[in-house]
Amino acid sequence: MPRYKTYTPKNISELMDLLGLMMLSSPTFVDKTGYFPERNIDTVFEALTESLKLMQKKLGEDRYARLIEMSNRMRAHFEADPEDKTDDSLKGRELIEEMETLLKQSARKS
């Protein structure tokens, strides 16, 4: 079976899709269907980080820095609650919503 290849979103619409996947599969990001057995927190956050880097100019330095900082905090929350039993996972999901709002604002200004 081929190694899981992380897809890097290349525009805001695709990035919003990734955030939707993150919302549904957090806190571990493991694929329960078996189609993507190698997907995990590392591969998902790799895709998020690379996508933000690709869109850095379009997002602007301030918004990019905020999104990276939010991503780092989000990952820390999910890693602190891998069994989804404390408020850390909830805080991580709230950060996903904040990122979506920030990206929607960015898309409107474009």
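The values are calculated or read from the model by the stated rules, or taken from the named source; none is laboratory data. Everything numeric in this text was worked out from a predicted model, so none of it was measured. In this analysis, Cβ positions are derived from the backbone assuming ideal geometry, glycine residues included, and neighbour counts consider all displayed protein chains. The protein model used for the area step is the full one, side chains on, heavy atoms only, and it has no ligands, DNA or RNA in it. Shrake-Rupley method; radii C 1.70, N 1.55, O 1.52, S 1.80 Å.
See the values below:
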| read-out | value |
| --- | --- |
| The chain - mean residue ellipticity at 222 nm from DSSP helices (-39,500 (n - 2.57) per run, n ≥ 4, rounded to 500) | -22500 deg cm²/dmol |
| Segment 7-63: trypsin sites (Lys or Arg not before Pro) falling in loop per DSSP and having at most 10 other Cβ within 10 Å | LYS32 |
| Sulfur and carbon atoms: percent of accessible area, segment 25-110 [1.4 Å] | 49 percent |
| Nearest-20 debye value, the chain charge dipole, Cβ charges on Lys, Arg, Asp, Glu | 580 debye |
| Pairwise Lys count, the chain - Cα closer than 14 Å, eight or more residues apart or different chains | 6 |
| Normalised contact order of segment 16-110, rounded percent, pairs of Cα under 8 Å and 6 or more residues apart | 31 percent |
| Å² per residue, accessible surface of segment 38-110 at 1.4 Å | 59 Å² |
| Cα centroid of segment 42-100 to Cα centroid of segment 10-31, whole Å | 10 Å |
| Segment GLU97-GLU61, extension gain: residue separation times 0.36 nm, minus the distance between their alpha carbons | 10.9 nm |
| Cα Rg, Dmax, segment 29-71, angstrom units | 13.0, 38 |
| Percentage, to the nearest whole number, of Cα pairs in the chain over 25 Å apart | 19 percent |
